[in-house]
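J.: Input: one structure, supplied below.
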Amino acid sequence: MIETYKILSGNYDTNEYLYVTSVCKSCFFQLRQLRLIRSCLTTDAVKTLIHVFISSRLDYCNSLLVGVAGCVVRKLQGVQNAAARMITGTRKFDHVTPILRELHCFQLPSRYNTRSRCWSTNVCGA
């Protein structure tokens, strides 16, 4: 049986894999919806919508994901890669690292560690 606890108005399973799976599922749903209207939008509008619908979900309660297994982080990294490809309009099999650098995106493990360090520094006053 998997225990569920409530933090910041969200239900999280003690098994991070189930939480990450639900986040990825909702993010890919939003990406599919955005793909339908992508041709009608400017690049700046797409960046804004990606930030609102995708980046905010990836960053929500990210301190819970510090130190999780690599397979869990790879699922989230796939969402970020798909969002970056949608912004720039690149194909699935093009290298994504230059795209992430161009968009000034962190790779997810360093993103979670950096943000949790900043949060703990601000809270603890260290």
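Just so you know, all these numbers are worked out from the coordinates, no wet-lab data involved. Note that the structure is a prediction, hence the values are computed from the model and not measured. We place every Cβ from the backbone using ideal geometry, glycine too, and count neighbours over all the protein chains shown.
J.: What list do you get for R57, R101 if you sort them by fewest beta carbons within 10 Å? Mind showing how you got there, number by number?
T.: Working: R57 17, R101 10.
Ranked by crowding around the Cβ, least crowded first: R101, R57.
J.: Sticking with the crude label model, points 7 Å out along Cα→Cβ, report the distance from F93 to S26 in nm, one decimal please.
T.: 3.4 nm
J.: I would also like to ask the following. What spacing in nm lies between the two simple spin-label points modelled at Q33 and E102, each 7 Å away from Cα in the Cβ direction?
T.: Result: 2.7 nm between the two label points.
J.: Moving to a separate point now. If I take R0 = 30 Å and measure r between the Cβ atoms of L18 and V66 in this structure, what FRET efficiency does the formula 1/(1 + (r/R0)^6) give, to the nearest 0.05?
T.: Numbers: r = 18 Å, r/R0 = 0.59.
About 0.95, to the nearest 0.05.
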